[in-house]
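Colleague: Below is the structure I would like to discuss, written out as structure tokens.
Any read-out appearing in this document is the output of simple, stated calculations on the displayed coordinates, not a laboratory observation. Because the structure is a prediction, the values reported are computed rather than measured. A quick note on method: Cβ atoms are made from the backbone with ideal geometry, for glycine too, and the neighbour counts reach across all protein chains shown.
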Amino acid sequence: MKQVLLIEDLEKAENKTLYFTFEDKIEGIDCVTPIHAQLCAKSLGDFIQITGKVSGTVELECDLCLDKFNQTLDFEIDELYSKTSLLGEYEESGQEFEIKDGQFVTDLNGEKEIDIYDLLYQSVILNIPNKKVCGINCKGRKFLSEKDTTDPRLDIFKDIQINPKNS
């Protein structure tokens, strides 16, 4: 379900502000519950700011034991879009443009709309933990038994003797 914000509609809206509610599963993500988002888009001159709260539950695979588990997501979105090409302006004027910690500006490159669905997809993906662990006590899965710690395919090398070459 594609949901877009038309920049023209935002500019015509009262106080140049529009509100969005999203309640659906996102394709490509194993959603246990629909992803719920309350978003606010504001036009700020040359910029558009989208803020809001996102929540839901996704199914992940534990990196240690490979079992499936549910991960609750609850995070804030604060995205800034530039209606005009920032980089081009600063390159032409010779000014430097510094991006501060946590600050990202997406250049719309003349686009007339912002894909809210894509924004939510990317935000959910970025808020999934890098190391996915099912629980604090997960010790992982033992793939080899205690007594059999060598790969049987390597038995062929047990009897090899290497004699150093005399120089």
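Colleague: Considering only the other residues whose Cβ falls under 12 Å of the Cβ of ASP115, what net charge follows from Lys and Arg at +1 and Asp and Glu at -1? Intermediate results must be reported in sequence, preceding the final value.
Modeller: Numbers: positive: LYS2, LYS112; negative: GLU79, GLU111, GLU113, ASP118.
Value of the local net charge: -2.
Colleague: Right, another one. Take ILE162 and ASP30, extend 7 Å from each Cα along the Cα→Cβ direction, and tell me the distance between the two endpoints in nm.
Modeller: 4.3 nm
Colleague: Given R₀ = 30 Å, FRET efficiency for THR72-ASN137 by Cβ-Cβ distance, to 0.05?
Modeller: On the way: r = 18 Å, r/R0 = 0.61.
Efficiency for this residue pair is about 0.95.
Colleague: Tell me, in nm to one decimal, what length is gained between SER82 and LYS53 on full extension, where the rule is 0.36 nm per residue of separation less the Cα-Cα distance? List each step's numbers first, then the result.
Modeller: Details: separation 29, 0.36 × 29 = 10.44 nm, distance 2.14 nm.
This chain segment gains 8.3 nm when fully extended.
Colleague: Which order do LYS42, LYS158, LYS112 fall in if you start with the one that has the fewest other Cβ atoms within 10 Å?
Modeller: Working: LYS42 15, LYS158 7, LYS112 10.
By the 10 Å Cβ count, ascending, the order reads LYS158, LYS112, LYS42.
Colleague: Using the count of nearby Cβ atoms within 10 Å as a rough guide to exposure, how do TYR117, TYR81, TYR19 rank from fewest to most?
Modeller: Working: TYR117 15, TYR81 22, TYR19 10.
Fewest-to-most Cβ neighbours within 10 Å comes out as TYR19, TYR117, TYR81.
Colleague: Something else now. Rounded, prolate or oblate for the range 4-130? Axes are the square roots of the Cα gyration tensor eigenvalues, ordered a ≥ b ≥ c, and the cut-off for rounded is a/c under 1.5. Spell out each step's value before the answer.
Modeller: Details: a/c = 2.87, a/b = 1.64, b/c = 1.75.
Because a/c hits 1.5 or more and a/b fails to exceed b/c, the range 4-130 counts as oblate.
Colleague: At a 10 Å Cβ-Cβ cut-off, how would you order PHE157, PHE22, fewest neighbours first? Provide the component values of the computation, followed by the final result.
Modeller: Numbers: PHE157 7, PHE22 20.
By the 10 Å Cβ count, ascending, the order reads PHE157, PHE22.
Colleague: May I pose another question? Check which residues have an amide H placed less than 5 Å from VAL4's amide H, if you skip close sequence neighbours.
Modeller: Excluding prolines and chain starts, which carry no amide H, the hits are ILE116.
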